[in-house]
Amino acid sequence: MKNLICFALLLLITTTLSAKPKWQDRYRHDRFTVADRECIVIHPEGERNGRWIVRPAFLGAFPSVDEQMLKLGFTVAYYDVTHAYANPQSKRDFESFYHEVRRRYALNDQFIIEGFSRGGFFALSYAIDHPEQIEKIYIDAPVCDLESWPSKQETKLYGEASALWQQAGSSLEEGHDYPIRHFQTIIDARIPIIVCYGDSDEIVPYEENFGRIATNYKRHIRTIRKRGCGHHPHSLDKPHRIVRFLKRR
């Protein structure tokens with residue numbers, strides 16, 4: 001039964017991601033590549049305020065926050081490192097993306113990084129390496145230890161992640177819990193962070209992932225606990241608490 005439920009959830013999110021996102025029709029956007037990875041920059045409805053929010057994975061999935069930010073004048077950007085597992089080369093590629101987008105659109109020096117699930121692993125890892133670039137962090141059900149996911153459930157994906165790290169000249173065994181071991185860097189940089197999680201998540205269990213961070217840094221983190229929620233859905237249908245946190249200077 002558990003496997004059947006997980007399969008149904010996977011099918012639901014796959015269908016959601018394969019459908020044409022609403023923003024393609026509603027918002028002016030640009031597509032290009034940096035380091036052979038897809039970039040998408042979505043322009044706000046009205047006057048641009050220079051602030052921007054970036055997803056490293058799953059653009060268009062559970063977009064309630066992004067849609068509100070676009071209405072407030074934020075630029076929303078995407079750089080596809082979904083399957084990179086924050087290997088060192090992918091973070092170098094992302095830095096190239098950062099400089100290219102700032103050059104093209106004259107955006108602020110700092111941006112909000114937004115990561116769901118494995119995107120949270122990348123968001124935290126990149127923020128640790130480049131805290132000077134990060135205005136705020138918004139993550140939902142974030143993977144924080146690749147030994148929790150995908151290792152325990154998706155051994156093939158874990159093997160792919162390990163191979164990518166090796167190709168980048170490093171070892172996944174040394175980096176599997178990178179966000180947990182180096183989270184102090186985010187605290188030292190005073191980067192505001194908001195975290196949503198489902199307390200019934202069996203795919204990326206909170207206790208094995210961000211819960212290990214929250215234990216030591218509770219007073220530095222804004223958390224939203226979704227009671228009875230599994231890994232999906234991410235974010236909130238009525239995201240005013242998140243939007244209020246992100247838009248505040």
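Scan (1) surrounded by fewer than 16 Cβ atoms within 10 Å (Cβ to Cβ); (2) hydroxyl-bearing (S, T, Y); (3) out of contact with any strand residue (DSSP E or B) (no Cβ under 9 Å at 6 or more places or on another chain) for the single condition S200 breaks and write down its number.
Among (1) surrounded by fewer than 16 Cβ atoms within 10 Å (Cβ to Cβ); (2) hydroxyl-bearing (S, T, Y); (3) out of contact with any strand residue (DSSP E or B) (no Cβ under 9 Å at 6 or more places or on another chain), the lone unmet condition for S200 is (3).
Identify all residues within region 53-88 that are within 15 Å of R37 (Cβ to Cβ) and touching a strand residue (DSSP E or B) at 6+ places or on another chain (Cβ under 9 Å); write none if there are none.
Once the filter is applied, which keeps residues that are within 15 Å of R37 (Cβ to Cβ) and touching a strand residue (DSSP E or B) at 6+ places or on another chain (Cβ under 9 Å), region 53-88 yields V54, R55, P56, A57, F58, L59, A77, Y78, Y79, D80, V81, A84.
Which of the strands (runs of 3 or more DSSP E) found entirely inside region 49-125 contain at least 2 residues meeting this: under 12 Å from the mean Cα position of the chain (by Cα), touching a residue at least 24 places away in the same chain (Cβ under 8 Å) and within 20 Å of P179 (Cα to Cα)? So that I can check it myself, show each step before the final result.
Working: elements: 52-55, 75-79, 111-116.
Answer list for region 49-125: 52-55, 111-116.
Return the total of residues in region 30-48 being surrounded by fewer than 16 Cβ atoms within 10 Å (Cβ to Cβ) and assigned to a strand (DSSP E or B).
5
Being among the acidic types (D, E) and within 22 Å of G60 (Cβ to Cβ) is true for just one of D145, D129, D237, D188. Which residue is that? Give the steps one after another, and end with the answer.
On the way: D145 fails: within 22 Å of G60 (Cβ to Cβ); D129 fails: within 22 Å of G60 (Cβ to Cβ); D188 fails: within 22 Å of G60 (Cβ to Cβ).
Of the residues listed, the single one that is among the acidic types (D, E) and within 22 Å of G60 (Cβ to Cβ) is D237.
Looking at Y206, Y217, which is the one that is of a type in the set (F, W, Y) and surrounded by fewer than 18 Cβ atoms within 10 Å (Cβ to Cβ)?
Working: Y206 fails: surrounded by fewer than 18 Cβ atoms within 10 Å (Cβ to Cβ).
The unique qualifying residue is Y217.
Restricting region 126-163 to residues that are more than 19 Å from the chain's Cα centre (by Cα) and assigned to a helix (DSSP H, G or I), which is farthest from C229 (Cα to Cα)?
For region 126-163, the residue satisfying everything is A163.
Laboratory data are not the source of any read-out in this text; all were calculated from the coordinates shown. What you see is a predicted model, and the numbers here were worked out from it, not measured in a lab. Here the Cβ is made from the backbone with ideal geometry for all residues, glycine too, and neighbour counts use every protein chain on show.
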